[in-house]
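Data first, discussion second: the structure below is written as structure tokens.
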Amino acid sequence: MSTAGQIDVVTLRLGGEWMALPADSLREILEPVAVTRVPLSRAFSNGLINVRGVVVPLTDLRVAFGMPPATATEDTRMLVFDVPLDGETVTVAITADKVHEVTTLDVSTLDEVPSVGLRWPPEFVQGIGKQQDEFLLVPDLEAIFKQHAMRGTTQKQPDEGM
């Protein structure tokens with residue numbers, strides 16, 4: 001992550017964590033829609049949704065961050081992003097427990113990922129900040145999607161009511 005300037009981010013909750021994702025990659029935020037499960041797919045992306053006539057993979061960042069699965073609530077949302085992946089742009093949907101707001105984040109306030117004591121995979125984190133007296137995790141979507149798109153194993157995940 002660059003060390004100067006500001007970026008617009010969308011803040012959200014996922015598994016009790018507060019996260020910030022780049023707003024410039026955000027296409028739209030949806031209330032939960034019907035999900036078509038894909039047999040023998042990986043837990044990270046085991047379903048497809050229809051976004052204005054386009055088939056979009058639904059992904060769960062909980063898998064990347066080692067969080068337990070969760071059941072959808074009235075606050076659950078699906079965020080549709082354009083994510084860079086190997087020189088191309090891929091449209092994906094990401095499930096969030098709750099979306100808070102689009103805001104500006106001062107990049108200079110972000111700390112490097114600590115080498116010890118981090119409960120998340122450090123290769124998936126661009127930086128950690130603090131806003132409103134809480135830690136704010138800035139995930140590296142490109143790294144997450146690159147690793148999970150390249151995995152050759154399948155993992156079944158139980159239907160969690162989405």
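The values are calculated or read from the model by the stated rules, or taken from the named source; none is laboratory data. Treat the numbers as computed from the prediction; the structure is a model and nothing was measured. Every residue, glycine as well, gets a Cβ built from its backbone with ideal geometry; the counts of neighbours run over all protein chains shown. For the accessible areas, the whole protein counts, side chains as well, though only heavy atoms, and no ligand, DNA or RNA atoms are used. Shrake-Rupley method; radii C 1.70, N 1.55, O 1.52, S 1.80 Å.
Of the three principal axes defined by the Cα atoms of segment 7-147, the extents in descending order read 40, 34, 28 Å. Rolling a 1.4 Å probe across the protein heavy atoms gives the chain an accessible surface of 54 Å² per residue. Against the chain, whose longest principal axis is taken from its Cα atoms, helix 141-150 shows a tilt of about 40°. Taking label positions 7 Å along the Cα-Cβ direction at both Glu31 and Thr104, the computed distance is 3.3 nm, reported to one decimal. Per-residue ellipticity at 222 nm computed for the chain from its helices equals -2000 deg cm²/dmol, with DSSP H segments shorter than 4 residues left out and the rest contributing -39,500 (n - 2.57).
Per residue, the convex hull spanned by the Cα atoms of segment 8-61 measures out at 97 cubic angstrom. Residues of the chain were split at every exposed loop site, defined as GluC sites (Glu not before Pro) in a DSSP loop with at most 15 other C-beta atoms within 10 angstrom, and the longest piece left, sites excluded, is 1-73. In plain terms, the chain is cut at each of the trypsin sites (Lys or Arg not before Pro) found in a DSSP loop with at most 13 other Cβ atoms within 10 Å, and the longest leftover piece is 53-118.
Computed in the context of the full set of protein chains, the accessible area of segment 15-71 at 1.4 Å probe radius has 56% of its extent on carbon or sulfur.
This model, with +1 at the C-beta of Lys and Arg and -1 at the C-beta of Asp and Glu, gives segment 1-120 a dipole about its Cα centre of some 520 debye.
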